[in-house]
Amino acid sequence: MNVRIKRTPREDEVDGVRLDSFQPGMVKEVSASVGSWLIAERYAEPEMRRSVEDDEFSTVKDVRNFANDSPRRRSTDRDRRS
């Protein structure tokens, strides 16, 4: 989960994550539980924008490039030459 830090948390650590280096304006990727806590405590807000880096390294493939749109053949469709 990506969050944008609004203000530096008073706590030094939550769930093993050091918070003392979180500065206002930073976008951090954190676990869902830590992100939810930061948002609930008003230290952060959800960051919904995607960065260019996300698009460059995406592992999602365009399914349309791999679709087999040719007609299917059945064994009964073959030319019967006996």
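The values are calculated or read from the model by the stated rules, or taken from the named source; none is laboratory data. This structure is a prediction, so every number in the text was calculated from the model and none was measured. Cβ atoms come from the backbone with ideal geometry, glycine included; neighbour counts cover every protein chain shown. Keep in mind that these areas ignore ligands, DNA and RNA; they rest on the heavy atoms of the full protein, side chains included. Shrake-Rupley method; radii C 1.70, N 1.55, O 1.52, S 1.80 Å.
Rundown of residues vs (1) at pLDDT below 90; (2) surrounded by 10 or more Cβ atoms within 10 Å (Cβ to Cβ); (3) not aromatic (Phe, Trp, Tyr), yes/no style:
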residue: Val3; (1), (2), (3): no, yes, yes
residue: Arg7; (1), (2), (3): no, yes, yes
residue: Met26; (1), (2), (3): no, yes, yes
residue: Val30; (1), (2), (3): no, yes, yes
residue: Ala44; (1), (2), (3): no, yes, yes
residue: Glu53; (1), (2), (3): yes, no, yes
residue: Glu56; (1), (2), (3): yes, no, yes
residue: Val63; (1), (2), (3): yes, no, yes
residue: Phe66; (1), (2), (3): yes, no, no
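Residue pairs whose Cβ atoms lie under 6 Å apart, separated by 6 or more positions or on different chains, with the first residue in the range 24-51 and over 17 Å from Arg10 (Cα atoms) and aliphatic (A, V, I, L, M) and the second in a loop (DSSP other than H, G, I, E, B) and open to solvent by less than 50 Å² (accessible area, probe 1.4 Å), are Val27/Glu47.
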